[in-house]
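Novice: Can you keep this structure in mind? I'll have questions shortly.
Taken together, the values in this text are just the output of simple stated rules run on the coordinates, not laboratory data. Everything numeric here is computed off the predicted structure, so don't read it as measured data. Note that we place each Cβ from the backbone using ideal geometry, even for glycine, and neighbour counts take in every protein chain shown.
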Amino acid sequence: MTRVVRGHADGIGEDRAVTRALVGDVAETGEPVVRAWTPHRQVAFGRRDARADGYDRARAAAEERGFPSRERRVGGRAVAYTGRTVAFCRIEPLVDVREGMTARYEAATADLRGALADLGAPLDRGEPDGAFCPGSHSLSAEGKVVGLAQRVRRGAATVAGICLVADRRPIADVLEPVYAALDVPFERSSIGSVARAGGPDDPERVARAIERTLVAGVGGGSGEATVERVS
């Protein structure tokens, strides 16, 4: 049985605490968790960003454009959420932190491709040059649409990511000066979206499709789930 958690908390910090608590729950109970939701409007900076000489300028650039800045533990470079951008995670119990990382990435990538193809947005592996949060686990169609990251701790492995549903222009408008301040290559044209790839521009519809496929792909699971909302 997989535990599905929907919705978000009232504030950015409180909402991030929800996911941290879920990781602890999985490590303690061994029950997998899936979450797909729309985080609050923000730019989430990676740890490498926080060590960059231009970090303070990058944070100021984000906040001047109405995006509160936060630092995150999982992932690479800065990503922007507009309030309609979908985040997702699958948290599974883990026995050995040294095993399974590649398999988890491959499984999540296949699951995301399948979910979005079913919505009419076929995506390819990889990303264009100058993409936001560059990495080796991305999905694209006329620009980067999905990025994935992974974090392991004793007892739990989290594969998490971001899916750009729409809002290409506001995301480009904030990330362009942010990446310039960080001195990291970035191209506005590298931003894609589910809508641009032929799918819906409805974040709720996209989130539920991702949720379903992440639940179905839980290793060794039955595909059954219990659903609760963030309180």
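Novice: Rounded to the nearest 0.05, what FRET efficiency do VAL230 and ALA27 give with R0 = 30 Å and r taken as the Cβ-Cβ distance? Could you check?
Specialist: My answer for the efficiency is 0.95.
Novice: Ignoring the sites themselves, what is the longest stretch of the chain with no trypsin sites (Lys or Arg not before Pro) in a DSSP loop and at most 11 other beta-carbon atoms within 10 Å?
Specialist: Answer from the scan: 155-231.
Novice: Turning to a different aspect of this structure: Loop-only GluC sites (Glu not before Pro) in segment 50-132, please: DSSP not H, G, I, E or B, and at most 15 other Cβ atoms within 10 Å.
Specialist: Filter output for segment 50-132: GLU99.
Novice: At 7 Å along Cα-to-Cβ for each site, give me the label-to-label distance between GLU63 and ARG125 in nm.
Specialist: 4.1 nm
Novice: Which of the three applies to segment 58-175, rounded, prolate or oblate, going by the alpha-carbon gyration tensor with a ≥ b ≥ c and a/c under 1.5 meaning rounded?
Specialist: Verdict is oblate for segment 58-175.
Novice: Consider all pairwise Cα distances in the chain and report the whole-number % of them above 28 Å.
Specialist: Tail fraction, whole percent: 25.
Novice: While we're looking at this one, here's another question. Multiplying the sequence separation of ARG51 and GLU14 by 0.36 nm and subtracting their Cα-Cα distance, what value in nm do you get?
Specialist: Extra length from ARG51 to GLU14 when fully extended: 10.9 nm.
Novice: With only alpha-carbon atoms counted, please give the Rg and Dmax of segment 102-231, in Å.
Specialist: When restricted to the Cα atoms of segment 102-231, Rg and Dmax are 15.4, 47 Å.
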